[in-house]
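To start, the structure under review is shown below, and the notes come after it.
No value in this document is a laboratory result; all are computed from the given coordinates. In this text the structure is predicted, and so the values were computed from the model without any measurement. Please note: Cβ atoms are built from the backbone with ideal geometry, for glycine as well, and neighbour counts cover all protein chains shown.
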Amino acid sequence: MAQATKLTNSEIERRRAAASRLRGLFADVAPNESLVDELIADRRAEAQAEAREGKADRRAPPAVTADREWANADVAAEIQLIR
């Protein structure tokens, strides 16, 4: 399990200054819009469309399934050799 480390005051201030600079870099990209809200709204619309079309299938893609089948076959063959 990961352990939390206590940051020094100077490290906290350094990180805050960096975050402030980064916010400043993107301030003029869309000053009157929330790009995060727009991204979330787009993703939700895509998810709803996928659900309506029945594409919200959580199964692995065929290539991944085939790789797993080959791996399982290899393991089964090795077990047979051990016996």
- Message: Of everything in region 7-16, what is surrounded by 10 or more Cβ atoms within 10 Å (Cβ to Cβ) and in a loop (DSSP other than H, G, I, E, B)? Give them in sequence order.
- Response: LEU7
- Note on the structure: Inside region 17-54, the number of residues satisfying the requirement of being among the basic types (Lys, Arg) and surrounded by 10 or more Cβ atoms within 10 Å (Cβ to Cβ) is 2
